[in-house]
Amino acid sequence: MESTMKGYLFRLLNHEELSREEMKNILIGITQSEFPNEQITALLTCLQMRGVTVEELLGFRDGILETGVPAILDCDRYIDVVGTGGDRKNTFNISTTACFVIAGAGYKVAKHGNYAATSVSGASNVIQHHGIKFTDDIDRLNRSLNEAGIVYLHAQLFAKAMKFVGPIRKALPFPTIFNLLGPIVNPSRPQCQLLGVANLDQMRLYNSVYQKLGIDYGIVNSIDGYDEISLTGDFKVTTNNYERIFRPQELGFDIAKPEELVGGATEEEAAEIFDSVLENRALPAQKNIVLANAAFGIQVLEKGQKSIEECIEIARESIDSGSALRTFKKFVELNS
């Protein structure tokens, strides 16, 4: 296999692209320790310098899902809300909070997440802070989805390939293809996804990826560089049905100040903001940001059949009625 990798590297240096199947085989080879670290490092560097293609990204995705633990949920329509991360804005757990608002509105959610990489608190941090025990036990996962409407999939229990490249990724001073994979390797393979990206290049890349995967999707980017709808200014949304720029005011929201989105300096502070939104005592800006992200997720679930204004009201009712909070309490009870 090592000689094959030399061939791949030679082609990459020649500015050639690798096929989806070739990339899948490389990923499987990495998990079988077939390549020396120096060659994997060279591969990741070549891909990063040239820019990853849709087929190459899908190939690594196929390999991660094939070598990982599947999460087969007995529900045929649910959503994952996730950000690419790496915007270095240290916001509070907006996607995770929005997931409980969506579940509180009666939809099904399978949230895939991990510990923080570039912020104080990632999805797994805030979930674990509340006493949740992560599991890959399929019966427990399905019970959570059926009874609470939401299930949490902690990435490290499922994506077995990631541990093989952990030390290499740590040693490199730049992001790699693996930083792009997180949002598309949910082990339950959801049919709906709302993804926040940090720039418009990523929006174009994932738009092509989702079209290839054939799922219902929304991709959001705040023009000032947030990988979610921040309401700090205009934001762009691309879905199966439309592509447009929104202004917060046209959806009835005030412009948020960047400091109102910050997740705090500690995990405890981030968890407090998460709690305050679900308990309907957050700053108006914090609540509005969660409502906006939840609403676009609901619109994806509704296949674009509901206006975004309708979806905002559905999300608002989830918080105002206490349904989002009850959903979270049920989730904690089932998963602690």
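The values are calculated or read from the model by the stated rules, or taken from the named source; none is laboratory data. All values reported here derive from a predicted model rather than from experimental measurement. Ideal geometry is used to build each Cβ from the backbone, glycine not excepted, and the neighbour counts take in all protein chains shown. Heads up: the accessible areas ignore ligands, DNA and RNA and are worked out on the full protein's heavy atoms, side chains in. Shrake-Rupley method; radii C 1.70, N 1.55, O 1.52, S 1.80 Å.
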Report the paramagnetic label zone for Ser19: residues of the range 33-69 whose backbone N is under 16 Å from a point 7 Å from Cα along the Cα-to-Cβ axis. 54-60, 62-63
Considering only protein heavy atoms, what per residue accessible area in square angstrom results for the range 4-137 with a 1.4 angstrom probe? 40 Å²
Solvent-accessible area per residue for the range 185-267 (1.4 angstrom probe, square angstrom): 41 Å²
Which of the peptides 103-109, 154-160, 23-29 is most tightly packed, and how do the rest follow, going by the mean number of other Cβ atoms within 10 Å of each residue? 103-109, 23-29, 154-160
Cut-off 10 angstrom, C-alpha nodes, Gaussian network model of the chain. Which of Ala285, Ala271, Ala171 fluctuates the most? Ala171
For Glu333 and Asp74 in the same chain, what is the full-extension length gain: residue separation times 0.36 nm, less their Cα-Cα distance, in nm? 91.2 nm
Ranked packing of 317-330, 222-235, most packed first, by mean Cβ within 10 Å: 222-235, 317-330
How do Arg88, Arg61, Arg20 stack up against each other in accessible area, from largest to smallest, with a 1.4 angstrom probe? Arg88, Arg20, Arg61
Place +1 on the Cβ of every Lys and Arg and -1 on the Cβ of every Asp and Glu in the range 239-285, take the dipole about the Cα centre, and give the residue among Leu278, Val262, Ile245 whose Cα lies farthest towards its positive end. Ile245
For the range 178-286, convex hull volume per residue from C-alpha positions, Å³: 138 Å³
Cross-link partners of Lys306 among lysines (Cα-Cα below 23 Å; sequence separation of 8 or more within a chain): Lys108, Lys111, Lys236, Lys287
Taking all protein chains in place and a 1.4 Å probe, what share, in percent, of the accessible surface of the chain do carbon and sulfur account for? 49 percent
Distance in Å, no decimals, from the C-alpha centre of the range 133-153 to the one of the range 173-188 is 23 Å
What spacing in nm lies between the two simple spin-label points modelled at Glu269 and Arg88, each 7 Å away from Cα in the Cβ direction? 1.9 nm
If the cut-off is a Cα-Cα distance under 18 Å, which aspartates and glutamates reach Lys160, setting aside same-chain residues fewer than 8 apart in sequence? Glu34, Asp62, Glu66, Asp136, Asp137
Centre separation in Å (Cα based) which lies between the range 236-292 and the range 34-97: 25 Å
